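Trainee: The following block contains the structure, expressed as structure tokens.
Computed from the coordinates by the stated procedures, all read-outs in this text should not be read as laboratory data. Bear in mind the structure is a predicted one, so any value in this text is a computation, not a measurement. So basically every Cβ, Gly included, is an ideal-geometry build from the backbone, and we count neighbours across all protein chains shown.
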Amino acid sequence: MPSTQKSETNGPPPPATGLWGWLNRRTGLDTLLRTALYEPIPGGARLAYVFGSGLLFIFISQVITGVFLALYYVPSADHAHTTVAYITKAVTAGSFLRSLHAYGASAMVIVLLLHLSQTYIYGAYKGRRELLWLSGCILFGLVLAMAFTGYLLPWDQRAYFATAVGTNAASEIPWIGESLKRMMRGGTEMGTLTISRFFVAHVFLIPACIFALVASHIFLFRKAGAAGPVTESPYKPEQKPEFFYPRQVLMDLSLTALLIIGLGFLCFFVPVQLGPPANPADAQYIPRPEWYYLPIFQWLKYWHGAASLIGVLIIPTVLAVAVIALPFLDRSVERRPWKRPVAMGAYAFVLFALLGLGLRSQYVDMHDPGVAQQLAKQKTEEEEYTRKPFEPALSSASLAAANVALADPLAAKGKTIFEGQSCNACHGDGGVGTAAAPALLNIAAKLSSEQLAELFKHPTAKMTAGGMPPIELPPDDLKALIAYVESLK
Amino acid sequence: MCACAGDSENTIRNLSASGSPLETRRSFLGALLGVGSVCVGALLSVPLIRFALFPLLRRTTELKSSPLGALSEFSALTEPVMRTIQIEQVDGWRKAISEKAVYVTKDRQGQLRVLTSVCPHLGCTVPWNKEKSQFICPCHGASFAPDGTRVSGPSLRGMDTLETSVQDGQLQVRFQYFRQLVSDKQVIG
């Protein structure tokens, strides 16, 4: 690399000697750091440019907290809620990390909107930066998809019903809606397969896309160069540049520090709640999405029947296409907002429409006494559930054993014989099976009582080879044993 | 890279003329930022480390004592009696309840002792044989005296005694598993 050679022969730049110098010669680390830090910003550093770095920081925080949460989380309808309760109530710092991840999602949406607004208002999508805008739009969609898929994973009442409504909303899309809904749910109903799908999307598929797009977003940013102030040309920057380091770095770090402090305090003092486990049979529960989905939620209320084609498909599609294609539609070189009345008017309109829809949905809820009361009740239930100490889930084998103990007296007597005769030594407690012998669960479905009695008295050659002795018992005891074995489920 | 890359290289060189007050100030700021970031990073990783180490710092598999009955029940004991205890094992976020059979019997001095019914040979449940007045394992025929000492058969040691205690006149036992196929009693799990 010529620049490295120069720096070694000409003297001035980096004192690339010793360990650091050697490391740089081998890895180019110092050069990389310099490339990162000495990005020229036309017109100088500004507070308005801090949001991109802020997003990157939150994204990294989400990745780290997400990986750690996965240490304890199990994505199945049976265990998802228990494991999240375990994280929230039992594991040290679990509530804090879970809150960091959950509030991090909201913070991400907020900073993303600020980043998008700044880019739009500054006309930073113009000129040479079309692809930068395009990749940003895709990232926006991916972040919303992360928020949607992650919301279900705790599998509490709030998560379950919000996702039930969310996936139902997808079915409103004409033609493909129903298939799309089934695709997301892994069937017609919400269930354990829905969790698996959302988990895979949330943990593998969407993050992979985000990594790739963040990389290309940053690459395209460096390729095109910083946009600079609104008076700068969108094609060839002319204003005196200032490097990213140190002033812009300090400004970016201030936002990061603000985010750390803000999120830290919030997570510590107002941790995220966990409601009771999802109960699909609950007909009273009123589902409400997270705040950033409220405008869409409210919007969908206005469109029914044939008109839904306009509201659910045409308007959102037109809007999305207009946003994505913005740099290609708006080719003017004018970046000053006060000279772009149409663009600013459209921005204000969309902003107020979203705000209005969101506030409207809150207003409607608060002014319907029945709804307001139920929502308040749901909130109280969440708080109560979160306060209760963690109760470990009983394993299914224990349940089988416990159930039988309560069943009919003949089976109860059979259980004593099962254990007294050491059947459980090989077939396991409650007949769940061990490495030495197969499980006896649901055997009643395969063999009749007579067949069982015969097998007990005269085991097959295969059974004998496996170590099963013939059972010699008085007829009453044999009957009890069979009753017990048949009760195993 | 963009058109300004050349400019920036020149400017870097100009800015970093060694020994200039600007360069000194810059490297001081750089060091400050580096140290600051490392400190904040270290602070932020504290909850992560505590979160990850939680299972190691907490014993979750410890077994509690289970009640067997009032001491008076066992005072007139002439032969071993079987009692079923429920043991609860917590395994992370789940727990398993299993039932274990134990025998309350007396040692040669007439003191109460509690034996696990798990055969020290290969782990079958050993029943009490009233007619022969011995414990006889149905799997491989190991036999033990009423106090649990080894009589004959493939087992290398007698039946294992369990730790007992008395609380409010109730006999309590703490269930444990022991290594099989060895001549001395070694706790496992």
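Trainee: Would you tell me the mean number of C-beta atoms belonging to other protein chains that fall within 10 Å of each C-beta in B:69-75, as a whole number?
Mentor: Mean number of neighbouring Cβ atoms from other chains: 0.
Trainee: How many Cβ atoms of partner chains, on average, are near each residue of A:423-430 if near means within 10 Å of its Cβ? Working shown, then result.
Mentor: Details: counts 3, 6, 11, 4, 0, 1, 5, 2.
Averaged over the peptide's residues, the number is 4.
Trainee: On to the next question. What's the extension gain from residue A:371 to residue A:336 if we count 0.36 nm per residue and subtract their Cα-Cα distance?
Mentor: Stretched fully, the residue A:371-residue A:336 segment lengthens by 8.0 nm.
Trainee: Oh, and also: If packing is taken as the average number of other Cβ atoms within 10 Å across a peptide's residues, how do B:24-37, A:349-362, A:201-214 rank, most packed first?
Mentor: Numbers: B:24-37: 11.9, A:349-362: 14.3, A:201-214: 16.3.
Result, highest mean Cβ count within 10 Å first: A:201-214, A:349-362, B:24-37.
Trainee: Separate question: Can you give the FRET efficiency for residue B:40 and residue B:129, using 1/(1 + (r/R0)^6), R0 = 60 Å, r = Cβ-Cβ distance, to the nearest 0.05?
Mentor: 0.25
Trainee: Given a Förster distance of 30 angstrom, what is the FRET efficiency for residue B:79 paired with residue A:479, based on the Cβ-Cβ distance and rounded to 0.05?
Mentor: Result of the calculation: an efficiency of 0.65.
Trainee: Along the charge dipole of chain A, which of A:417, A:287, A:219 sits closest to the positive end, that is, farthest toward it, with unit charges on the beta carbon of Lys, Arg, Asp and Glu (+1, +1, -1, -1)?
Mentor: The residue sitting most towards the positive pole is A:219.
Trainee: Further question on the same structure: Given 10 Å bins starting at zero, what is the percent of C-alpha pairs of region A:279-374 in each, up to the one with the largest pair distance?
Mentor: That works out to 12, 32, 30, 17, 7, 2, in percent per bin.
Trainee: If each of residue B:32 and residue A:211 carries a label point 7 Å out from its Cα toward its Cβ, how far apart are those two points in nm?
Mentor: Using points 7 Å along Cα→Cβ, the separation is 3.6 nm.
Trainee: Compute and list, largest first, the equivalent-ellipsoid semi-axes of the protein assembly as shown from the alpha carbon gyration tensor, each √(5λ) rounded to a whole angstrom.
Mentor: Working: eigenvalues 910, 235, 95 Å².
Semi-axes, largest first: 67, 34, 22 Å.
Trainee: Using label points projected 7 Å from each Cα along Cα→Cβ, tell me how many nm separate residue A:71 and residue A:268, to one decimal.
Mentor: Result: 2.0 nm between the two label points.
Trainee: Here's a follow-up. Name the residue farthest towards the positive end of the dipole of region B:65-188 from the options B:65, B:161, B:178, assuming +1 on Cβ of Lys and Arg, -1 on Cβ of Asp and Glu, about the Cα centre.
Mentor: Sorting the options by dipole projection puts first B:178.
Trainee: Using Cα-Cα distances under 8 Å and only pairs 6 or more residues apart, what relative contact order does chain A have, in percent? Mind dumping the intermediate values first?
Mentor: Details: 525 pairs, mean separation 92.7, N = 489.
Over chain A, the number comes to 19 percent.
Trainee: Starting from the exponent 0.38 and prefactor 2.2 Å, build the expected Rg for region A:396-487 from its residue count and divide its actual Cα Rg by it.
Mentor: My calculation over the Cα atoms of region A:396-487 gives 0.99.
Trainee: Let a ≥ b ≥ c be the square roots of the eigenvalues of the Cα gyration tensor of region B:65-188; is it rounded (a/c under 1.5), or, if not, prolate (a/b larger than b/c) or oblate?
Mentor: oblate
Trainee: Quick check on region A:122-181: take the gyration tensor over C-alpha atoms, sort the square-rooted eigenvalues as a ≥ b ≥ c, and tell me if it's rounded (a/c under 1.5), prolate or oblate.
Mentor: Taking the square roots of the gyration eigenvalues as a ≥ b ≥ c, region A:122-181 is oblate.
Trainee: Name the residues whose placed amide hydrogens come within less than 5 Å of the amide hydrogen of residue A:275, ignoring near sequence neighbours (fewer than 5 apart) on the same chain.
Mentor: A:157, A:158
Trainee: Given Cβ point charges of +1 (Lys, Arg) and -1 (Asp, Glu) and nothing else, what value in debye, to the nearest 20, does the dipole of region A:38-387 about its Cα centre take?
Mentor: 980
Trainee: In peptide A:81-89, how many Cβ atoms from other protein chains are near each Cβ within 10 Å, on average?
Mentor: What the average comes to for A:81-89 is 2.
Trainee: Shape call for region A:29-156 from the C-alpha gyration tensor, a ≥ b ≥ c root eigenvalues: rounded (a/c under 1.5), prolate (a/b greater than b/c) or oblate?
Mentor: Since a/c reaches 1.5 and a/b is larger than b/c, the shape of region A:29-156 is classed as prolate.
Trainee: I've got another one for you. Which of the peptides A:60-68, A:234-242 is most tightly packed, and how do the rest follow, going by the mean number of other Cβ atoms within 10 Å of each residue?
Mentor: Result, highest mean first: A:60-68, A:234-242.
Trainee: Moving on. Per the Kirkwood definition applied to all pairs of different Cα atoms, how many angstroms is the hydrodynamic radius of region A:38-387?
Mentor: Across region A:38-387, the inverse of the average 1/r is 22.0 Å.
Trainee: Quote to one decimal, in nm, the extra length available between residue A:408 and residue A:286 on full extension: 0.36 nm per residue of separation minus the C-alpha distance between them.
Mentor: Details: separation 122, 0.36 × 122 = 43.92 nm, distance 4.15 nm.
The residue A:408-residue A:286 span can extend by a further 39.8 nm.
Trainee: Right, here's the next one. Of B:126, A:40, A:461, which is farthest towards the positive pole of the protein assembly as shown's charge dipole, taken about the Cα centre with +1 and -1 on the beta-carbons of Lys, Arg and Asp, Glu respectively?
Mentor: After comparing all options, I get A:40.
Trainee: Put a dot 7 Å past each Cα toward the Cβ at residue B:177 and residue B:86; how far apart are the dots in nm?
Mentor: It is 2.1 nm.
Trainee: Peptides A:450-463, A:84-97: what's the order by average Cβ count within 10 Å, highest mean first? Present the calculation step by step, with values, prior to reporting the outcome.
Mentor: Working: A:450-463: 13.6, A:84-97: 22.4.
Ranked from most to least packed, the peptides come out as A:84-97, A:450-463.
Trainee: Right, next: Any chance you could run the full-extension gain for residue A:204 through residue A:48? It's 0.36 nm times the residue separation minus the Cα-Cα distance, nm to one decimal.
Mentor: 52.9 nm
Trainee: What helices does chain A hold that run 15 Å or longer along their axis, going by alpha-carbon atoms, with a Kyte-Doolittle average of 1.6 or more, using DSSP H for the helix calls?
Mentor: Span-like helices here: A:51-69, A:130-152, A:249-269.
Trainee: What whole-number distance in Å separates the alpha-carbon centres of region A:239-260 and region B:36-53?
Mentor: 23
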